[in-house]
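Here the structure is laid out as structure tokens; the discussion comes afterwards.
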Amino acid sequence: MVLNKTGFASPTCQNHPRPLHPQPKKGNLEAETLFKSGSSRGIRLTRPSFTSEKIVAEDFKPYPFTAKHYPASLQGLGSGEATRRHPVVVVGGGPVGYCTALGLANYGVPVVLLEADDSVCFGSRAICISRRSLEIIERLGAVDGFLKTGLAWTGGRSFYRDTQVLHFKMPTDENQKLPPMVNLAQYSIEQFLLDAAEKRKDLIDIRWQNRLTSIEELTDGARLTVNTPNGDYTMETDWVVAADGGRSFLRETLGLKLQGASYEGRYVIVDIWLDSQRPTERLAYFDPACNPGSTVLVHKQPDNVWRIDYQLRDGEDPDAAIQPENVLPRVRALLDMMGEKGAWNPIWIGIYKANALTLENYCHKRVFFAGDAAHLVPIFGVRGANSGIDDADNLAWKLAFVIQGLAGEKLLESYSLERVAAAHENLSYGTKSTEFMAPPSFAFELMRTAVLGLAVKHPELSSLINPRQSSPIAYTQSSLNAVGSTDFDAGPAAGHVLQECPLTLADPMGSRQIHLTDLIGPQLTALCFTEAGEAPAELIKMQETMHARGIPFGAVILTRRPGTARDMVQGWDHTGRLFSMYGAQPGTFYLVRPDGHVLGRWRSLDAAAAAAAIDAMLQL
């Protein structure tokens, strides 16, 4: 850490990846250099020294969150560690690392998670969690905190100068259980996932202040060297999950390169405390009077924390741009323009630039890459953390099936094939949004100006301004997809995620209201549509056969009319919407993967074809 005479971090400070280089210890430092996984750096100011805004030290607030700091985990230094073999080691304890560990624990797979820091993250990072991510997190047992603390939102507004040019709404209707998006700071995201992981100590061994320093690839696993404050140790593992962030140590050590584009435009991040009753929505200002020539994004977070991102204009020095004397006047001008007259205080300042990069293969022998270690996605459209959570969900069940001998190792190849394709789709949308938010050339800027200007009088052009928020990815080209029937006129095809719908769960102890996705767990799930709850004999036999083989499998009977629960879980379509939504008739059969993607569907139950699809997926 180099401090300049004002007490701020010197512009010569270098970026470091969060998972492998812990943030400076909290203490008497006048400034702390902090980093967003991938490509940002920031400073939290505790003793500012400037006069342009006449701010005194008391004007800076800390985040309304106090992280617990964990002592170094030293069990690896024990004499038995060198001879013990672990099934899986996850490197990096951010959202992706925790989700991977929790996902594996759902299948009874023990995990060691190495975290170089002594606490959850600090600063302004991911803040938007999508409905799809919430669905995944609910299956991991951690969603309650997200819904209780997070701020749900359904849309947003964009303005060109002083005129609204877009009011978008994300898909939401009476069928949904979860909101389309929740705003929640990453320190809370990590804390809620950590809380869930700490309840699984029987399976998840979190090792704080344990930094990976080398990896030796073995034919059947890897040997890792780990540094702790009390010395180094080595450990062996069958599999490694690299969730160690945008500047992944594992990616660099293995000589793997990200491919794609890095944009020159930079954005300043400012977190402030603001007393405001404004509703939660995404706000975008193009060429606003408060910051001419720039683009400004505003998000409300819990506890009156607001995230402001604004584009630096051409020629602005990025190191000078994050100095408070240059940041705070712009924040004040923005709040004045928005009509916000309440008290406010700065909390954190940082800077980043957009990257659209990915590895072309997420499987490297016995190492799997996930999250920012595998891809860097522009923040526009909030696809970064959400795509990483999807990576974890896709990988965990496949790795668990292989470790438990339920599937051949070839199944793991589908992780890379599916998630690389997903990354390219996310990058495509993210690139389009980035080029609109921060035009990379004069031609792009000319086009954007024309669209924004015309949208004032021609609302039909507003779709070109839509930020294309994160949405579920369909694995339409997956090798796992079963052919099934092709004459459906509705419903999710193979590779797509389930469509949500309320149900009444029949239970001998009493009926209760649920949603269709509540029926998805750490297993293959068969959905069989019937008139009144009769379970086909061949479905009963199929379930018995799968259980005898040790394959996690559950059959669910979905009924048009109320039935009586007998041999299988039974859900009644009390709204009358489910059958038409799924293009179903009595006898229709859907087979669903543990991650909620459809494996195949048949107009009528064909147990032999469904069993063959499962065998093909398991690659035995």
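The values are calculated or read from the model by the stated rules, or taken from the named source; none is laboratory data. What you see is a predicted model; the values in this text were computed from it and never measured. When we count neighbours, we look across all protein chains shown, and the Cβ atoms used for this are built from the backbone with ideal geometry, even at glycine. Ligands, DNA and RNA are stripped out before the accessible areas are found, and what is left, the full protein with its side chains, is counted by its heavy atoms. Shrake-Rupley method; radii C 1.70, N 1.55, O 1.52, S 1.80 Å.
Give me the percent of Cα-Cα pairs in the range 502-618 that sit more than 22 Å apart, rounded to a whole number. Summing the P(r) of the range 502-618 above 22 Å gives 26 percent of all pairs.
Please give the peptides 596-608, 569-581 ranked by average Cβ packing (other Cβ atoms within 10 Å per residue), highest first, as a rough proxy for protection.
Working: 596-608: 19.9, 569-581: 18.2.
So the peptides 596-608, 569-581, ranked by packing, come out 596-608, 569-581.
Less than 5 angstrom separates the built amide H of PHE159 from those of VAL165, ALA284, TYR285, PHE286, all sequence-distant by 5 or more or on a different chain. Rolling a 1.4 Å probe across all protein chains gives GLU316 an accessible area of roughly 50 Å². Computed packing ranks the peptides 204-211, 182-189, 456-463, 97-104 as 97-104, 182-189, 204-211, 456-463, most packed first, by mean other Cβ atoms within 10 Å.
Quick check: from the Cα gyration tensor, does the range 109-246 come out rounded (a/c under 1.5), prolate or oblate? Show your work: numbers first, answer last.
On the way: a/c = 2.62, a/b = 2.12, b/c = 1.24.
Verdict is prolate for the range 109-246.
In straight-distance terms, cross-link reach from LYS61 covers every one of the aspartates and glutamates whose alpha-carbon lies under 18 Å from its own, apart from those fewer than eight places away in the same chain; here that gives GLU30, GLU32, GLU53, ASP271, ASP275, ASP303, GLU325. Here the range 133-169 and the range 231-310 have alpha carbon centers that stand 16 Å from each other. Given a cut-off of 20 Å, name the pairs among LYS148/LYS300; LYS148/LYS177; LYS365/LYS410; LYS199/LYS365; LYS169/LYS300 whose C-alpha atoms lie farther apart than that in the structure shown. Result: LYS199/LYS365 exceed 20 Å. The heavy atoms of GLU264 present about 150 square angstrom of accessible area, all protein chains included, probe 1.4 Å. Relative contact order, whole percent, for the range 264-401 stands at 26, derived from Cα pairs under 8 Å and 6 or more residues apart.
Note on the chain: Rg/Rh from Cα positions, Kirkwood definition for Rh, rounded to two decimals, is 0.98. Residues ASP507, ASP173, ASP244, ordered by accessible area of protein heavy atoms at a 1.4 angstrom probe radius and largest first, appear as ASP173, ASP507, ASP244. Take the Kirkwood radius over Cα pairs of the range 344-491, plug it into Stokes-Einstein at 10 °C and 1.306 mPa s, and you get 88 µm²/s for translational diffusion. Expressed as a rounded percentage, what relative contact order does the range 502-618 have, with Cα pairs under 8 Å and six or more residues apart? Relative CO of the range 502-618 lands at 29 percent. Here the relative contact order of the chain, from alpha carbon pairs under 8 Å that lie six or more residues apart, stands at 14 percent.
Label reach from SER262 (point 7 Å along Cα→C-beta): in the range 285-315, amide nitrogens under 20 Å belong to 311-315.
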